[in-house]
Amino acid sequence: MSEAPETRPDGRDAELIARWRAGDDRAATELVGRHADALARFASSLGERAEIEELVQDTFVRAFASLDSFRGDSSLRTWLFTIQRRLVVDRRRSEKRRRNIVSIEGHESATEYTALDGVIADETGQRLQEAMGSLSRLQREVFSLRVGEGLSYREIAGIVGSTEGAARVHYHNALRAVKEYLDD
Amino acid sequence: MTDCPNAGIRDLLPDMVHSTLSGSDRERVAEHLSGCADCTAELALLEDARRVLAVAPSMNAARIAGAISRRPAVRSNRFAVPGTWRIAAGIAAIVVGGLTWSMLSGPSTDELQAGVEDGVRAQTIFAAAPGNGSHAVSFAGRLGMLATDQLEALLAEMDDMDDSPALEPRTVLPLLALDEGAER
C-alpha cells in the first residue's frame, strides 16, 4: 500500500526543520503552510468546530517546542496529527460540560454542527456528513485519516495509539456503519 | 449497498482515491473495478467522503507561525529557580525558628549533653544528581545547637547552591518536601 506523498518521510520537511533550527523563521512559516490545512481538516473531521485555527496554532507551538524529540521515524505530518489529537482529547476533557456532546462510555458522537455544515450544499454530502457524525470517535478518527488524508493503517495506528490490524478493523467497521446509515 | 468479498482490493480503494497506488496496484484495482459494481459504488462513496472531509476553514499560516517561539522548552527541574530559592527560604525559616526557640528557652543541660554524646548526626538535605558533581548541605540534627560559625557555614552553602547546577533531591526533610507539580 502506498503512502500519501505528504505523509512519507519528506526531504523538504527535514530541510525546513534544519533551516528553522539554524535561525530561519521563514522556514517555520513554510512548514506551517504545508501542514496547517491538513490539521484543520483533521480537527473538523473530529467534530471540532470552534477555534480551529487556535487548535492548529497550539499544535504547531507544541510541535516546535519539542522538535528535538521528533526523530523522523514517521512523517512530520503524522507526528503533527498525533500532537493535535492529544490536544483535542485534552480540550474535550476540559470542555465536556459545556459542549453539547452525548457521551456513552467512550462512544462519543458529535451532535453539534455549525457554520461548516452549510458549506456542503448537496444532499449526498450532507447525508455523508451526518453518517460520519454518527460514528464513534475512534471510528471517525480512523475513517477521516484513511479516507480524508490517505494515511496507511500503520500511520493511523501510530496516531490513535492502536495496532495496524485494529486500525483496519475500525476503518471497515466505520465504512459499514456509513453505508448502513446511507441505506436507511 | 453490499460489500465486495475481495478485502484486498477494498483495502486499496482509499489509496485509489488519493492516487497514491503504484502502477501495478492501480492497474489491478482498475481491472477489478471494471467488473465489480460493489467496489465501483464504494469508490464513489469514498470520493464523496473525501470531499466532505476536506471542508475546513482555511488557515492563516503567517499568523500561526508568528506564535511559534524560539524559547527552549522548560524542562521539569525541582531545583531550578525559583525552586532553589524556596529551599533556601525554607532552610532559613528553620534556622531562624530554631534560633528563636533556643534564645527563648535556652539549651538545657541534658540537651547539651545529648548533643555531645550523640555526636553530630548530619542530615543531608541535598544530594547531587549523578553527573552534576557533588554538592551537599549538611547540618547537625539540633538546630539550636549550631554555633555562629556553623550557621555562617550553612548560609554560605546555601549561597553556593544558587550557582550550582541542577540538583535532584535524594533525601528531603518532610518540612522541605517540594512538589511543584512538575510537568511530565
From other protein chains only, count the Cβ atoms within 10 Å of every residue's Cβ in B:40-53, then give the mean. 6
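If each residue's Cβ is checked for other Cβ atoms within 10 Å, how do A:Thr59, A:Thr78, A:Thr163, B:Thr20 rank with the fewest at the top? Don't jump to the answer; show the numbers that get you there.
Values: A:Thr59 27, A:Thr78 24, A:Thr163 13, B:Thr20 20.
Ascending number of Cβ neighbours within 10 Å: A:Thr163, B:Thr20, A:Thr78, A:Thr59.
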Residue-wise, which Karplus ³J(HN,Hα) couplings in Hz belong to segment A:154-161, taking 6.51 cos²θ - 1.76 cosθ + 1.60, θ = phi - 60°, and x for glycine or proline? 5, 5, 4, 4, x, 6, 8, x
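Cut-off is 10 Å between beta-carbons; in what order do A:Asp58, A:Asp24, A:Asp13, A:Asp68 appear when sorted fewest neighbours first? Please list the in-between numbers first.
Working: A:Asp58 18, A:Asp24 13, A:Asp13 23, A:Asp68 9.
Placing the least packed residue first, the sequence is A:Asp68, A:Asp24, A:Asp58, A:Asp13.
Report, as an integer, the average count of C-beta atoms from other chains found within 10 Å of each Cβ along A:13-25. Please report the intermediate quantities before stating the final value.
On the way: counts 0, 0, 0, 0, 0, 0, 0, 3, 1, 0, 1, 0, 4.
Mean number of neighbouring Cβ atoms from other chains: 1.
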Once fully extended, how much extra length lies between B:Asp149 and B:Met1, figured as 0.36 nm per residue of separation less the alpha-carbon to alpha-carbon distance? 44.3 nm
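The numbers here are math on the coordinates, done by the rules we state, and not lab data. Keep in mind it's a predicted model, so treat the numbers as computed, not measured. As a convention, Cβ positions derive from the backbone with ideal geometry for all residues, glycine included, and neighbour counts pool all protein chains shown.
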